[in-house]
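Q: Just passing along the structure, written as structure tokens.
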Amino acid sequence: MGDCSNSKLLPMCDSGEAPFDARRYSKLVHDNVHGNIYLDKQALNFIDTEQFQRLRELKQLGLAYMVYPGAVHSRFEHSLGVYWLASDAVHRLKTYQGQELGIESFDVQTVKLAGLLHDVGHGPFSHLFEREFLPRVRGGIKWSHEDMSLKMIDYIVDENSIDIDSGTLKKVKEMIVASEAGKSVSSKEKQFLYDIVANGRNGIDVDKFDYIERDTRACGLRCNFQFQRLMETMRVIDNEICYRAKEYLTIHKLFSTRADLHRTVYTHPKMKAIEFMVVDALIKANDHLEIDSYIDEPAKYWMLDDTIVKTIEASTHQDLEESRNLIRRIRRRDIYQYCNEFTVPKENLEHFKNVTAQDIICSQNSDAHLNEEDVIVTNIKIDLASGRNNPLERVSFFQTKTYGKKTQVHGISEKKRRLKYNDN
């Protein structure tokens, strides 16, 4: 991803992009997914800090590159992609409905910054840090990278003396955690703006648009979902972003592609085995390196990234020997052995109890001699982001002929054509 000054460029401006006057003072970078991206001055104030540059050292898919060699893209480029799509989305709404919805420059800026900064508090190795490592070293802790992002934003502003008013900062942080349970913004003015980056209403947001496109491309997979169709036709009705009824299948592909990524990439058996080994290595190194203490202060947290493994590997300290040996095994592809998996039939899910290592040990035959610490069991649920419910039931649509009135689409009836042939 390169950059250059665009003082001599004369980019065209379409209905969904930033005005030309604003681009004159922006920096142009080229992204391998979205093409040319324009970064405004306020965005650059955050990007050009040590804390934001840390995202370059966080691989978007954590350890997936050990299975999919091309999956080496970072949180940095993902954040720029979400920033650009958030900018595109809010500008399109402003172009088509700006006067009707009262979209102001303040709104545009907050949506863009929310897209840029939504992952600034992310931990190492994708979600492994908060879902696997922290619960084992700090049992019962309630910690999320979204909440850490809010602390990091305040720290970045203070540490780098960024000139931004408190109202903008407050709204940016609200947009980042808008999808979290218990943090509803239903009573807020212009709620549709909160659905652009982190949509807690139905899960359709530019964060998903970017990572689905970026992850499938990096892993060499085919993506059948086209987010551009949704961006071009979305409209706000009754303070909610709605979509044309004919885009029902497009939205279904969004959720089905996400589920496919979970099956084929995010929970790949070999990758999970390597993740478990890294977690074990981090836990064994924690007493010496105090890795979990980094989450207590943003001033320390921004120095924690994927290179923690290299720190362990390069150390000669005796206390890190077990951790080094685990990492050495990963390098030599001597990874934990994958044994088996069982898919629970959909009709039995309601009565299914999560399997534990103890369950496996208790059911082994007399010739086996496994202990609980020899077995790792992971219970994975993959759905369309709404549990057993149809996620499209939460999405509002509109018919082209009755624009201005939203509706729900519960299914699509297939039109059958009767073809008549004759012998002449």
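Q: I'm a student and want to see the number: the projected area of the Cα convex hull of region 154-234, averaged over all directions, in nm². If you can, show how the numbers build up before the last one.
A: Values: hull surface 30.9 nm².
Here the figure is 7.7 nm², rounded to one decimal.
Q: Given Cβ point charges of +1 (Lys, Arg) and -1 (Asp, Glu) and nothing else, what value in debye, to the nearest 20, does the dipole of the chain about its Cα centre take? Display every interim value, and only then the final one.
A: Details: 59 positive and 64 negative charges, 436 e Å.
Dipole magnitude for the chain comes out near 2100 debye.
Q: Here are some pairs, LYS346/LYS401; LYS142/LYS353; LYS208/LYS300; which of them have Cα atoms lying more than 27 Å apart in this structure?
A: Numbers: LYS346/LYS401 39 Å; LYS142/LYS353 23 Å; LYS208/LYS300 29 Å.
Listed pairs above 27 Å: LYS346/LYS401; LYS208/LYS300.
Q: Okay, moving on. Stick to the Cα atoms of region 165-306, pair each with every other, and give me the Kirkwood hydrodynamic radius in Å at one decimal. Spell out each step's value before the answer.
A: On the way: mean 1/r = 0.0547 Å⁻¹.
Answer for region 165-306: a Kirkwood hydrodynamic radius of 18.3 Å.
Q: Right, next: Just to verify a number: what accessible area does ARG131 come out at with the full protein assembly present, 1.4 Å probe, Å² rounded to tens?
A: Its accessible surface works out to 150 Å², give or take rounding.
Q: Decide, for region 295-353, between rounded, prolate and oblate: order the square roots of the alpha carbon gyration tensor eigenvalues as a ≥ b ≥ c, take rounded if a/c falls under 1.5, and otherwise choose prolate if a/b is larger than b/c, else oblate. Don't jump to the answer; show the numbers that get you there.
A: Numbers: a/c = 3.76, a/b = 1.66, b/c = 2.26.
Oblate.
Q: Then there's this: Taking the inverse of the average 1/r across all pairs of different Cα atoms in region 77-153, what Kirkwood radius in Å do you get? Walk me through the intermediate numbers first.
A: Details: mean 1/r = 0.0701 Å⁻¹.
Taking every pair of different Cα atoms in region 77-153, averaging 1/r and inverting gives 14.3 Å.
Q: Could you tell me which chymotrypsin sites (Phe, Trp or Tyr not before Pro) in region 25-101 are loop residues by DSSP with no more than 13 other beta carbons within 10 angstrom of their beta carbon?
A: Sites meeting the loop and neighbour criteria: TYR25.
Q: A follow-up question, please. Taking 0.36 nm per intervening residue step and subtracting the Cα-Cα distance, what contour gain separates ASN379 from PHE352 on full extension?
A: Details: separation 27, 0.36 × 27 = 9.72 nm, distance 1.09 nm.
Additional length available on full extension: 8.6 nm.
Q: Using a 1.4 Å probe and counting only protein heavy atoms, arrange THR311, THR49 so the residue with the most accessible area comes first.
A: Details: THR311 70, THR49 5 Å².
Of THR311, THR49, the descending order of accessible area is THR311, THR49.
Q: Moving on to the next point. Please arrange PHE397, PHE276 by accessible surface area, largest first, computed with a 1.4 Å probe and ligands excluded.
A: Details: PHE397 0, PHE276 30 Å².
Highest to lowest solvent-accessible surface, that is PHE276, PHE397.
Q: Measuring from centroid to centroid over Cα atoms, what is the spacing of region 65-127 and region 236-251 in Å?
A: If you average the Cα positions of each part, the centres end up 20 Å apart.
Q: Hey, another quick one. Per DSSP H run of at least 4 residues, take -39500 (n - 2.57); add these up for the chain, divide by its residues and hand me the 222 nm value, nearest 500 deg cm²/dmol. Each step should come with its number before you reach the end.
A: Working: 16 runs with 168 residues, N = 424.
Computed mean residue ellipticity for the chain: -12000 deg cm²/dmol.
Q: Leaving ligands, DNA and RNA out of it, rank ARG214, ARG235, ARG388, ARG333 by accessible area with a 1.4 Å probe, largest first.
A: If we order ARG214, ARG235, ARG388, ARG333 from most to least accessible, we get ARG388, ARG333, ARG235, ARG214.
Q: Another one. Averaging sequence separations of C-alpha pairs under 8 Å and six or more residues apart, then dividing by the length of the chain, give the relative contact order as a whole percent. Don't jump to the answer; show the numbers that get you there.
A: Numbers: 528 pairs, mean separation 62.0, N = 424.
15 percent.
Q: Still on this structure: Please work out whether region 99-241 counts as rounded, prolate or oblate from its C-alpha gyration tensor, where a ≥ b ≥ c are the square roots of the eigenvalues and a/c under 1.5 means rounded, while otherwise a/b larger than b/c means prolate and anything else oblate?
A: oblate
Q: So for the chain, taking the charge dipole from beta-carbon charges (+1 Lys/Arg, -1 Asp/Glu), which of ILE156, SER323, THR250 sits furthest toward the positive end?
A: So the residue furthest toward the plus end is THR250.
Q: Answer rounded, prolate or oblate for the chain, using the Cα gyration tensor with square roots of eigenvalues a ≥ b ≥ c: rounded when a/c is under 1.5, else prolate when a/b is larger than b/c, else oblate.
A: Oblate, because a/c is 1.5 or more while a/b does not exceed b/c.
Q: What nm value, rounded to one decimal, do you get for the distance between ASN239 and SER105 when each label is placed 7 Å out toward the C-beta?
A: Calculated label separation equals 2.7 nm.
Q: Mind checking the per residue accessible area of the chain for me, 1.4 Å probe, whole number of Å²?
A: Result: 54 Å² per residue.
Q: Lys/Arg Cβ at +1, Asp/Glu Cβ at -1, dipole of the chain taken about the Cα centre: which of LEU289, ILE274, THR307 is farthest positive-ward?
A: Of the candidates, ILE274 comes out farthest on the positive side.
Q: Which three extents, in whole angstrom, do the alpha-carbon atoms of region 240-362 cover along their principal axes, largest first?
A: 61, 45, 28
Q: Apply 1/(1 + (r/R0)^6) to the Cβ-Cβ distance of LYS151 and LYS246, taking R0 = 51 Å, and write down the FRET efficiency to the nearest 0.05. Write down the numbers at each step before the final one.
A: Numbers: r = 43 Å, r/R0 = 0.84.
The value I calculate is 0.75.
The values are calculated or read from the model by the stated rules, or taken from the named source; none is laboratory data. Since the structure is predicted, the reported quantities are computational estimates derived from the model, not experimental observations. Heads up, the Cβs are rebuilt from the backbone with ideal geometry, glycines too, and the neighbour counts pull from every protein chain shown. The accessibility values were calculated without ligands, DNA or RNA, using every heavy atom of the protein model including side chains. Shrake-Rupley method; radii C 1.70, N 1.55, O 1.52, S 1.80 Å.
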